[in-house]
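To start, the structure under review is shown below, and the notes come after it.
The values are calculated or read from the model by the stated rules, or taken from the named source; none is laboratory data. The model shown is predicted, which means the values in this text are computed figures rather than measured ones. Methodologically, a virtual Cβ is constructed for each residue, glycine included, from the backbone with ideal geometry; neighbour enumeration extends over all protein chains shown.
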Amino acid sequence: MKVAIVHEWFVDFSGSERVIEQLLQVFPEADLFSVIDFMPDAFRKHLLHKKATTTFIQHLPFARKQYRNYLPLMPLAIEQLDVSAYDVVLSSSHAVAKGVLTHANQLHICYCHSPARYAWDLYHQYLQESGLKTGIKGFFAKIILHRFRLWDLASTQRVDYFLANSNYIARRISKNYGRQSTVIYPPVDVDSFATVPQHGDFYFTASRMVTYKRIDLIVEAFRDMPDKKLVVIGDGPDFQKIKKLASKNVTLLGYQPFEVLKDYLQRAKAFIFAAEEDFGITPVEAQACGTPVIAYGKGGALETVTPVSGLFFRNQTKTSLQEAIATFEDTQFQFDPHKIKASVQRFNNNRFKEEIQQFVTEKFHGFQQSLSH
């Protein structure tokens, strides 16, 4: 079984790249393909030191940093990747990877992290936050995203089977694409985290600082609670905006290495998560440390946080979060770190690899049989 793995882009090592890492553990002989590959050498070991076959966008000006600006060209680019020599194509997609062209004798399985949010669910929010609701730039942005949606929907017909990273994403695949999917939760290296006997007196959150992660909401909530401490790790486009919101009881550490992140996850009183996320790996990592989670009660968090491991706030407002923190402080001694850690063993790497291998093998054998008839 000759396997090609198609990914959107390799520029850092985060959630979707961890999926690629584990796919390569299952299929170590697989070849990589992507729109661009600027993965830093420090992270290349996670890809078995492989480099991806890339598209013409790799060679365009400013592609290393401004690759997202080439979104209008990405459907064309992904279709130029030649994967015709492979038996199985595994696409890891949240934008265009699923649009790679395959022929009738190939099996194409897409692991979908999410339909492109800026084109579907968050379309109007994206235009608003980008200042593209009106004006000539807004007019062209709407045309580009309209055309992208048409291509995005058409490209779903190139996929034989969809895998979703949560039930939440499975519902969005059904809503946006009209396709059914099988849920296989993404891999989380829960065994690399340990519980510690003593937790600190601070709350903690970590995220890329983009608008939908709602770090601003968390910081504003703590600005009104000066007796409580919050530590924030992460960098991104909204960092300066959030820095202006921060009060003295809020510590912004910016980007930090993984070991620093892990240390704060282990010692925090609780991890706070305010995004409506597709799955959310960091809350699972917090639970793997035995740290309870206070999460916004929508999206993937509903599938990862249980009454054993945390609690929810129902509205995406600072008042709702403050009420949840007050409830947590009344009940925090009911949370057992060892039970919290045990609750997320269902997301470990080995489980992911076993489920992926079984699914791909079964579908490939069935596909081969259908070709022989």
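For S174, state whether it is surrounded by 17 or more Cβ atoms within 10 Å (Cβ to Cβ), assigned by TED's automatic domain parsing to the domain that holds V96, under 30 Å from V284 (Cβ atoms) and small (G, A, S).
Values: surrounded by 17 or more Cβ atoms within 10 Å (Cβ to Cβ): no; assigned by TED's automatic domain parsing to the domain that holds V96: yes; under 30 Å from V284 (Cβ atoms): yes; small (G, A, S): yes.
Criteria not met by S174.
Is there a residue being over 25 Å from the mean Cα position of the chain (by Cα), modelled with pLDDT of 95 or more and not assigned by TED's automatic domain parsing to the domain that holds V89 anywhere in the range 307-319?
Yes, there is a match, as at least one residue in the range 307-319 is over 25 Å from the mean Cα position of the chain (by Cα), modelled with pLDDT of 95 or more and not assigned by TED's automatic domain parsing to the domain that holds V89.
Just one of the numbered conditions (1) out of contact with any Cys (no Cβ under 8 Å at 6 or more places or on another chain); (2) touching a residue at least 24 places away in the same chain (Cβ under 8 Å); (3) under 26 Å from A275 (Cβ atoms); (4) assigned to a helix (DSSP H, G or I) is not true of I173; which one?
For I173, the exception is condition (1).
Quick check: is even one residue across the range 269-284 out of contact with any His (no Cβ under 8 Å at 6 or more places or on another chain), over 26 Å from S114 (Cα atoms) and outside the structural domain of A95 (by TED's automatic domain parsing)?
Scanning the range 269-284, I find at least one residue that is out of contact with any His (no Cβ under 8 Å at 6 or more places or on another chain), over 26 Å from S114 (Cα atoms) and outside the structural domain of A95 (by TED's automatic domain parsing), so the answer is yes.
Checking E8 against (1) touching a Lys or Arg at 6+ places or on another chain (Cβ under 9 Å); (2) buried (at least 16 other Cβ atoms within 10 Å of the Cβ); (3) not hydroxyl-bearing (S, T, Y), only one condition comes out false. Which one?
Unmet condition: (1).
Only residues that are surrounded by 15 or more Cβ atoms within 10 Å (Cβ to Cβ) and either part of a loop (DSSP other than H, G, I, E, B) or touching a Lys or Arg at 6+ places or on another chain (Cβ under 8 Å) (or both): list them for the range 47-60, please.
Answer for the range 47-60, where residues must be surrounded by 15 or more Cβ atoms within 10 Å (Cβ to Cβ) and either part of a loop (DSSP other than H, G, I, E, B) or touching a Lys or Arg at 6+ places or on another chain (Cβ under 8 Å) (or both): K50, A52, T54, T55, L60.
Would you check which residues across the range 248-265 are under 23 Å from K341 (Cβ atoms), surrounded by fewer than 22 Cβ atoms within 10 Å (Cβ to Cβ) and either of a type in the set (S, T, N, Q) or within 21 Å of the chain's Cα centre (by Cα) (or both) and list them?
Q256, P257, F258, E259, V260, L261, K262
Would you pick out the residues in the range 114-151 that are modelled with pLDDT under 95 and closer than 28 Å to K363 by Cα?
Once the filter is applied, which keeps residues that are modelled with pLDDT under 95 and closer than 28 Å to K363 by Cα, the range 114-151 yields S114, P115, A116.
Does the range 335-343 contain at least one residue that is more than 21 Å from the chain's Cα centre (by Cα), closer than 27 Å to R223 by Cβ and either of a type in the set (D, E) or buried (at least 19 other Cβ atoms within 10 Å of the Cβ) (or both)?
For the range 335-343, residues more than 21 Å from the chain's Cα centre (by Cα), closer than 27 Å to R223 by Cβ and either of a type in the set (D, E) or buried (at least 19 other Cβ atoms within 10 Å of the Cβ) (or both): present.
Please report, ordered by residue number, the helices (runs of 4 or more DSSP H) entirely within the range 61-153 with at least 3 residues that are crowded, with 18+ Cβ neighbours inside 10 Å and not charged (D, E, K, R).
The qualifying helices (runs of 4 or more DSSP H) are 74-79.
Against the condition farther than 18 Å from Y123 by Cα, modelled with pLDDT of 95 or more and among the aromatic types (F, W, Y), how does F204 come out, does it pass?
Judged against the criteria, F204 is a match.
Evaluate the range 39-47: report whether one residue or more is over 17 Å from F13 (Cβ atoms) and among the aromatic types (F, W, Y).
no
Which of the strands (runs of 3 or more DSSP E) found entirely inside the range 225-313 contain at least 1 residues meeting this: among the β-branched types (V, I, T) and in contact (Cβ under 8 Å) with a residue 12 or more places away in the chain?
229-233, 250-252, 270-273, 293-296
Which residues, taken from the range 344-358, are surrounded by fewer than 21 Cβ atoms within 10 Å (Cβ to Cβ) and in a helix (DSSP H, G or I)?
Selection gives Q345, R346, N349, N350, R351, K353, E354, E355, Q357, Q358.
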